[in-house]
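The values are calculated or read from the model by the stated rules, or taken from the named source; none is laboratory data. Not measured: the values here are computed from a predicted model. Glycine gets a Cβ as well: all are built from the backbone with ideal geometry, and neighbour counts include every protein chain shown.
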Amino acid sequence: MRRATATVVTLAAAALALVPVGGNAARAAFPGANGLIAFRTDRNGDAEIYSMNAGGGAQTNLTTQPGDEDLQPAWSPDGTRIAYVRKATPTAAPDLFVMDDDGTGRTRLTRTPTAEREPAWSPDGTMIVFVGRAGTGEPFRIFRVNADGTGLVQLTWGGGDRADASPAWSPDGAKILFTSNRAGGFPEVYVMNEDGSGRRRLTANAEIDANPAWSPDGTRFAVERCCANGTSDIWVLNAEGSGGVPLAGAGGEEFQPAWSPDGTMIAYTAFPVGGGNVDVYVMNADGSGQTRLTTDPALDLSPDWQPVP
């Protein structure tokens, strides 16, 4: 059995704790052709959002703001905009922004004393679901906001001081996946209606289930699962949480899955067992054909695939 490293446990737990280094928004893969892959990288000395083609070429910095931390990119369903998180200073609370696909036209959506993270779009492009706090010191919950920053609505409540994380709208707009440790123990995957009603738990095990991502047809979701066999691996489950199948991955620690818009591939983050370079990879949706796309010594994280309608 392979041994879990402290790093992978930290990264998996970060999906719930919402630490910027490891957190990644769960999201739907909106149907379409496969466009660019957006990802977060630390190669310039601070976190920036880059895009690249599906083969790893043409890596381009989209944010270029020295001193700011730009995190957790999420493509809009029409592929023209990217929602993301910006942390302006080490002590500032992260806020949500939206920019055009080339990095221009940046618009700030939130301006609060508490942290907002993990944006994910509604399938019609009119709203963004995210993780935030109702007040300073409050636990993280799921919220939604209009794409222009108006109309804030809180969607999850309860659970005491437990946290909710990683929301993702289903491609048909009817459901939202998220993770939570509200039942105690490690985080599990939940689903609720788009208005926050009808909350149900989909997974129940002694492992960390984090960063669920809908397939573009809405029949399945991918999730990172840690650490029954000693590592973090990507699994695919049916939409109701049944029929879990582990994917082969890259033979290391795999996390942060993101489906391609055509449903044939999954982008993800991985590093070798025992530690090493953290990079963006892609593989076929059955786990075959693992391909490393980034090789920079700095962290490369949080891939998301642009849909081309």
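State yes or no: is N146 surrounded by fewer than 23 Cβ atoms within 10 Å (Cβ to Cβ), under 18 Å from V85 (Cβ atoms) and polar (S, T, N, Q)? It is true that N146 is surrounded by fewer than 23 Cβ atoms within 10 Å (Cβ to Cβ), under 18 Å from V85 (Cβ atoms) and polar (S, T, N, Q). Annotation note: of V189, V223, V153, the sole residue that is under 13 Å from the mean Cα position of the chain (by Cα) and either at pLDDT 95 or above or charged (D, E, K, R) (or both) is V223.
Going by the structure shown, is R144 of a type outside the set (S, T, Y), within 19 Å of the chain's Cα centre (by Cα) and closer than 13 Å to P167 by Cα? Taking the combined requirement at face value, the residue satisfies it. Tell me, which residue of region 195-209 that is more than 19 Å from the chain's Cα centre (by Cα) and among the polar types (S, T, N, Q) is farthest from F130 (Cα to Cα)? Once the filter is applied, the top-ranked residue is N205.
Of the numbered criteria (1) in a loop (DSSP other than H, G, I, E, B); (2) under 17 Å from P246 (Cβ atoms); (3) at pLDDT 95 or above, the one A228 fails is (3). Within region 234-261, if we keep just the residues that are closer than 17 Å to N205 by Cβ and buried (at least 24 other Cβ atoms within 10 Å of the Cβ), the residue that is nearest to the chain's Cα centre (by Cα) turns out to be F255.
For beta carbons closer than 6 Å, sequence separation of 6+ or different chains, a first residue in region 291-309 that is part of a strand (DSSP E or B) and a second that is charged (D, E, K, R), the qualifying pairs are R292/D279; D300/D279; L301/R40; S302/R40. When D209 is tested against the conditions (1) under 24 Å from R292 (Cβ atoms); (2) in a strand (DSSP E or B), the lone failure is (1).
When region 63-104 is limited to residues that are in contact (Cβ under 8 Å) with a residue 40 or more places away in the chain and among the acidic types (D, E), the one that is farthest from N53 (Cα to Cα) turns out to be E69. Identify, please: which residue in region 262-280 is touching a residue at least 24 places away in the same chain (Cβ under 8 Å) and under 15 Å from the mean Cα position of the chain (by Cα) and is, among those, surrounded by the most Cβ atoms within 10 Å (Cβ to Cβ)? Among them, the one singled out is T269.
When G184, G196, G173 are checked against the criterion of being exposed (fewer than 14 other Cβ atoms within 10 Å of the Cβ), small (G, A, S) and closer than 30 Å to G158 by Cβ, a single residue qualifies: G184. Against the list (1) in contact (Cβ under 8 Å) with a residue 60 or more places away in the chain; (2) of a type in the set (S, T, Y); (3) over 25 Å from I176 (Cα atoms), the condition S232 fails is (3). Exactly one residue out of A183, A250 is touching a strand residue (DSSP E or B) at 6+ places or on another chain (Cβ under 6 Å), modelled with pLDDT under 95 and assigned to a loop (DSSP other than H, G, I, E, B), and it is A250. Listed here are the strands (runs of 3 or more DSSP E) enclosed by region 34-117 that have at least 2 residues being within 19 Å of the chain's Cα centre (by Cα), at negative phi and surrounded by fewer than 19 Cβ atoms within 10 Å (Cβ to Cβ), and there are none.
Which of the residues belonging to region 156-180 are among the charged types (D, E, K, R), under 19 Å from the mean Cα position of the chain (by Cα) and outside any strand (DSSP E or B)? The one that is among the charged types (D, E, K, R), under 19 Å from the mean Cα position of the chain (by Cα) and outside any strand (DSSP E or B): D172.
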